[in-house]
Amino acid sequence: DVGYGKTEVALRASFKAAEAGKQVMVLVPTTILAQQHFGTFSERLRDYPFNVEHVSRFRAPADQKAAIKAFGQGSVDILVGTHRLLSRDVRAKDLGLIIVDEEQRFGVKQKDLLRQLKLKVDVISMSATPIPRTLQMSMAGVRDISVIETPPEGRRPVKNYVGEYDELLVRQALEREHARGGQAFFLHNRVDDIDETAERLRALCPQMVFTVAHGQMDEKQLEERMMGFLRGDADVLVSTSIIESGIDIPQANTLIVERADVFGLSQLYQIRGRVGRSRERAYAYLLYPSAAALTPEAANRLAALSDYTELGAGFKIAMRDLELRGAGNLLGDEQSGHVAALGFELYMQMLDEAVQALAQEEEGDEERPEPVRLDVNVDAYVPSDYIPYEQAKIDVHRRIAGAREVSELGELRRELADRFGELPEPLENLITLQQARIKLGQAGARAVTFRQGRLAVTPIELDSVRAKKLRAEIPGVLYESGKSQLSLRVPDDPAQRFPAVVRAADALLAIQSEAA
């Protein structure tokens, strides 16, 4: 969760990797966070023979080049940086660990670049609020997940206020923080008029010192202002969402977000996490212009933040985000990348195979035969009028595609009938098709093809007795022992072809099982 010690995990992991002679890359989303991490890592590792460097726009291009060159030569052990680390010219001599801080701030393209880097290295992704897709992957078993549930000693939950913007309320909040010797954040996310907003606040609280920070500032100026605020030179930092990621200023314990309605749920949660990082009681004011202008989605997000105020609520927030936004629609027009190219069924099969392969099952486990790839031109899907919920529909598709035993499908059929009523024909077809695939796989087949009106199944091993029984069961079936191939004529009409394939699968498995 925010302020729970993810940086400490990163530090210790980096220490272990560097101690073993490996190099470490620490990837962060913002220049301010890169600067902060560099300071923390340098300070904590100063008594050890490790060289820590950083790359961000706060540094001169010549210094950045020198750091990258040293990293390539192996003289830099730990390199902290922003997206700049994903450039082609950044190459390690012996990379052993990549740490991705604030994982939710990186896009798919950046993660693809990371994937190319991490074929042979360990990776730790850290986030208080993982994006829905990442959370879904961890729950599907594709990624290991570890949750830090213990808050630092003396930590108190942030007190929230959600309501309409009111200047009197803003003044009272800022004055209360000033009176107890603390600092405050005022978040205004439009660069165009951020200076006017700061002037308005100065007029409201003339006894306080205000400073402005945003991402479009000159690097040196931004660095000076952030460091000045950290030193306590100003009482209030008026900034954009540049403060969202990981900024650690324990003496700042009041946060005012002027237009909380325009931020995403995990974004708001991260922003709220900038306060409450000490033993002092922290306050967060999430304000919006008027209740009439509030969209239902924004109201839901603000309600979720009001609900989850206790310590360690980040995981619940991420789960709520998964519910509100969905895990990514794998079955509709929104498909993108490899899933669209492969199709959902094959994607789930590959996912399942990969998860099983990495699970390091006990040796001696009997390997279950894989269902056979089988394409029959028949309506086989989960109709929207039967299961209208996208997430539930995805889950049903996943369970059908992932089934490896006919009994699993029988149980699923009974469960669906109990939950949603009698199964429609397309869904019955989908389950029956998977049953046929499983049975053909259990009978020893690995491929099924349709050519010139004939169905061919290979490889199938039958002795003369079983071949004779099969001919009695399915008239017109042809078995070629030399090719280990079984073929039979099937109707061209998909509606008739489908039952013929199912009958062939049933008969073939029955005869193979009988012999066994």
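The values are calculated or read from the model by the stated rules, or taken from the named source; none is laboratory data. As the structure is a prediction and not an experimental result, all values here were calculated from the model. Note: ideal-geometry Cβ built from the backbone for every residue, glycine included; neighbour counts use all protein chains shown.
Residue-wise test of (1) basic (K, R); (2) at positive phi; (3) in contact with a strand residue (DSSP E or B) (Cβ under 6 Å, 6 or more places away or on another chain).
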| position | (1), (2), (3) |
| --- | --- |
| G232 | no, yes, no |
| E244 | no, no, no |
| P250 | no, no, no |
| V262 | no, no, no |
| Y269 | no, no, no |
| R272 | yes, no, yes |
| V275 | no, no, yes |
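Could you list, in sequence order, all residues of region 185-221 that are over 22 Å from E175 (Cβ atoms), among the polar types (S, T, N, Q) and surrounded by 15 or more Cβ atoms within 10 Å (Cβ to Cβ)?
The one that is over 22 Å from E175 (Cβ atoms), among the polar types (S, T, N, Q) and surrounded by 15 or more Cβ atoms within 10 Å (Cβ to Cβ): N189.
Checking the structure you have, find out if any residue of region 274-292 is over 21 Å from P250 (Cβ atoms), assigned to a helix (DSSP H, G or I) and outside the structural domain of Q36 (by TED's automatic domain parsing).
Looking through region 274-292, at least one residue is over 21 Å from P250 (Cβ atoms), assigned to a helix (DSSP H, G or I) and outside the structural domain of Q36 (by TED's automatic domain parsing).
Can you spot a residue in region 461-484 that is touching a helix residue (DSSP H, G or I) at 6+ places or on another chain (Cβ under 6 Å), hydrophobic (A, V, I, L, M, F, W, C) and within 30 Å of I387 (Cβ to Cβ)?
no
Name the residue that is farthest from K439 (Cα to Cα), counting only residues in region 491-510 that are surrounded by 15 or more Cβ atoms within 10 Å (Cβ to Cβ) and at pLDDT below 75.
R497
Got at least one residue in region 173-186 being in a helix (DSSP H, G or I), in contact (Cβ under 8 Å) with a residue 24 or more places away in the chain and touching a Cys at 6+ places or on another chain (Cβ under 6 Å)?
Looking for residues that are in a helix (DSSP H, G or I), in contact (Cβ under 8 Å) with a residue 24 or more places away in the chain and touching a Cys at 6+ places or on another chain (Cβ under 6 Å), one finds at least one in region 173-186, hence yes.
Against the definition (of a type in the set (D, E) and at pLDDT below 70), how does D112 come out, yes or no?
When the stated conditions are applied, D112 passes them.
Listed here are the residues, each with its yes/no results for (1) closer than 28 Å to E167 by Cα; (2) modelled with pLDDT under 80; (3) surrounded by fewer than 19 Cβ atoms within 10 Å (Cβ to Cβ); (4) under 17 Å from the mean Cα position of the chain (by Cα).
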position: V275; (1), (2), (3), (4): yes, no, no, no
position: A327; (1), (2), (3), (4): no, yes, no, yes
position: G332; (1), (2), (3), (4): no, yes, yes, no
position: H338; (1), (2), (3), (4): no, yes, yes, yes
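If you check L204 against the conditions, is it over 18 Å from D248 (Cβ atoms), in contact with a Lys or Arg (Cβ under 8 Å, 6 or more places away or on another chain) and in contact (Cβ under 8 Å) with a residue 12 or more places away in the chain?
yes
Keeping to region 115-153, report how many residues are part of a loop (DSSP other than H, G, I, E, B), surrounded by fewer than 17 Cβ atoms within 10 Å (Cβ to Cβ) and modelled with pLDDT under 70.
Of the residues in region 115-153, 6 are part of a loop (DSSP other than H, G, I, E, B), surrounded by fewer than 17 Cβ atoms within 10 Å (Cβ to Cβ) and modelled with pLDDT under 70.
With the requirement that a residue be touching a residue at least 24 places away in the same chain (Cβ under 8 Å) and in a helix (DSSP H, G or I), what does region 221-248 give you?
L222, E223, M226, F229, S241, I242, I243
Within region 66-109, restricting attention to residues that are among the small types (G, A, S) and within 11 Å of Q23 (Cα to Cα), which residue is modelled with the lowest pLDDT?
So, considering only residues that are among the small types (G, A, S) and within 11 Å of Q23 (Cα to Cα), the one modelled with the lowest pLDDT is A92.
Exactly one condition in (1) in contact with a strand residue (DSSP E or B) (Cβ under 7 Å, 6 or more places away or on another chain); (2) not in a helix (DSSP H, G or I) is false for D195; which is it?
D195 satisfies all of (1) in contact with a strand residue (DSSP E or B) (Cβ under 7 Å, 6 or more places away or on another chain); (2) not in a helix (DSSP H, G or I) except (2).
Are any of the residues in region 443-461 without any contact (Cβ under 8 Å) to a residue 12 or more places away in the chain, of a type outside the set (K, R) and either crowded, with 19+ Cβ neighbours inside 10 Å or touching a Leu at 6+ places or on another chain (Cβ under 9 Å) (or both)?
yes
Please determine, by comparing only the residues of region 419-437 that are of a type in the set (D, E, K, R) and modelled with pLDDT of 85 or more, which one is nearest to the chain's Cα centre (by Cα).
Only one residue tops the list, namely E428.
Could you check how many residues of region 37-72 are out of contact with any His (no Cβ under 9 Å at 6 or more places or on another chain), within 21 Å of E102 (Cα to Cα) and crowded, with 22+ Cβ neighbours inside 10 Å?
4
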